[in-house]
Amino acid sequence: MSNRQRTIVIVTEGASPDLLDRWDGAGLLPGFSQLRAQGSSGPLYAEGTPYEPPGLVSLLTGRRAADHGIYSYWTCHDPEYQPQTLTGKERRHPLMWHLGDFRGLRFACVGLFGAHPPEPLDGSLITYPMYPTLHACHPKDLQRTLARKGIRPVHDVSIFWTGQPREELLPQLLTADIERGRTALALLAEHDVVIVNLTSIDRCSHIYWQELELGPQAERESAVLAAYQTCDAVIRGALAATDDSTNVIVFSEIGFGPLRAYRSINHVMEQAGFLSMTDDGRVDWQRSCAFEAVQGTHGVNVNVHGRYKYGQVSAAAYDSVRAELSEALLSALNPSTGRPYFSAVPPREEVYPGEATELAPDLLLEPADWRYLPLGDPAWASHVNRNWQSAWHRRESSWAGLGPGFRSGHQESRVASPVDVSATICALAGREKPAGWQGESLAHNG
């Protein structure tokens, strides 16, 4: 066996355990099947609200969202009520490759939110920018080097869904993952740890989930299955490129499930008397005690004086207003079902206890029926055409690992989280877990 241990981490963003089981059982996903049959696997749940940013940043930092402070793509609290796009500058903890614990290891990372803007490292980096840019990699000429090999990775922001025809959009989404997979394999030879994020499952599930509800034939021809098979091809390529000193880890930080509608919680709070609208349909900040937090956080913010420009709630009244608001939201009924919108509306310190609790929304909304979800900040929701979606994230996901660090055919019952994958990377590299890291290794030698 070679002395050099390598690890490939493939994030299959949005993969649903139910669909994996169904399509694996039907022989449609041979790469996933090989991982499960010959390696170790188990369940993995998102922390708090299932959303890509907190899970991916947890993977990269070894810290839970409550400590690294990234709960969304956008800030949860902005003094001007305009959520701002987050970058890696807002992280409260460094990326793993900047820690002295990993000195001597070369990392390659492709397409993960939280790594932009690029910072120098001993290795290679293609970031996940939220805006068009030519400065999203390290070394600066990395993409030109890849292009000379015929590999052309693209950023998700360049494949924006604006309602274009399926035959136009779907090939772009699938090709993007193929190119990311090719990038990861091209970088494997010169790096010890390669992490690559595949996004076609997430993107196709949001847009085309309804195809899965049209019967077996439609399912076999669905964009969602095409995305799973594209990711499966990347996995098979990684498995084919490995040797007896290489481990492959595949996981998703989120799962997926059907959506019937997003509901404006601002309207719910207006009916309960906590929020007022202007004549043109916008929030009247000077007459509102609370408002919905940015999309994907499933949160509500109290309009606190001193935190917001037009804050109406004093620090002394914060706890009582928050408790009253929680009670009102728990009693609100979904007109589509006649049942409560929410099964729980806990304060943020219960869901996200940690160093960065104050960056989370003041209240978290636990849906009673996950087919009906909070809309979020209306400006960003409109910008990304959120109401067109037919599915959204779920907490339930999974992981699998194959290589010398994993038992063959082992099914783990313990529910893992993204920080456990971080700890696994550490263990497979033969390093002690950094101080403050909260995960436990999933490898049998960890």
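Centroid-to-centroid, using Cα positions, the stretch 321-392 and the stretch 2-50 are 29 Å apart. Relative to the globular-protein estimate of 2.2 N^0.38 Å, the Cα radius of gyration of the chain stands at 0.98. Against the main long axis of the alpha-carbon atoms of the chain, helix 166-188 sits at an angle near 50°. The relative contact order of the stretch 261-388 comes to 28 percent, based on Cα pairs under 8 Å that sit 6 or more residues apart. In the chain, the DSSP-assigned H stretches of four residues or longer account for a calculated mean residue ellipticity at 222 nm of -9000 deg cm²/dmol, using -39500 (n - 2.57) per stretch and the full residue count as denominator. Just so you know, the averaged projected area of the alpha carbon convex hull for the stretch 261-388 sits at 8.1 nm².
Loop-only chymotrypsin sites (Phe, Trp or Tyr not before Pro) in the stretch 57-163, please: DSSP not H, G, I, E or B, and at most 13 other Cβ atoms within 10 Å.
160
For the stretch 261-388, the share of DSSP beta bridges that are antiparallel, to the nearest 5, is 70%. Applying a DSSP loop filter and a limit of 14 other Cβ atoms within 10 Å to the GluC sites (Glu not before Pro) in the stretch 45-98 leaves 80. In this entry, the stretch 332-394 is assigned a mean projected area of 5.3 nm², taken as a quarter of its C-alpha convex hull surface.
In straight-distance terms, cross-link reach from residue 89 covers every one of the aspartates and glutamates whose alpha-carbon lies under 18 Å from its own, apart from those fewer than eight places away in the same chain; here that gives 52, 67, 78, 119, 355, 358.
Restricting to the chain, what percent of DSSP beta bridges are antiparallel, rounded to 5? Among the beta bridges of the chain, antiparallel pairing accounts for roughly 50 percent. Using the average count of surrounding beta-carbon atoms within 10 Å as a protection proxy, the listed peptides 228-236, 207-215, 169-177, 142-150 rank, highest first, as 228-236, 169-177, 207-215, 142-150. Taking Cα atoms only, the orientation of helix 52-61 departs from the longest principal axis of the chain by about 50 degrees. A simple spin-label model places pseudo-atoms 7 Å from Cα toward Cβ; at residue 277 and residue 148 they are separated by 5.9 nm. When the Gaussian network model of the chain links Cα atoms closer than 10 Å, the mean-square fluctuations of 247, 385, 266 top out at 385.
For the stretch 412-446, applying the loop criterion from DSSP together with a ceiling of 12 other beta carbons within 10 Å to the GluC sites (Glu not before Pro) yields 432. What percent does the relative contact order of the chain come to when contacts are Cα pairs within less than 8 Å and at least six residues apart? About 28 percent, as a whole number.
Throughout, read-outs are computed from the coordinates displayed, never taken from laboratory work. All values reported here derive from a predicted model rather than from experimental measurement. Neighbour counts run over all protein chains shown; Cβ positions are idealised from the backbone, glycine included.
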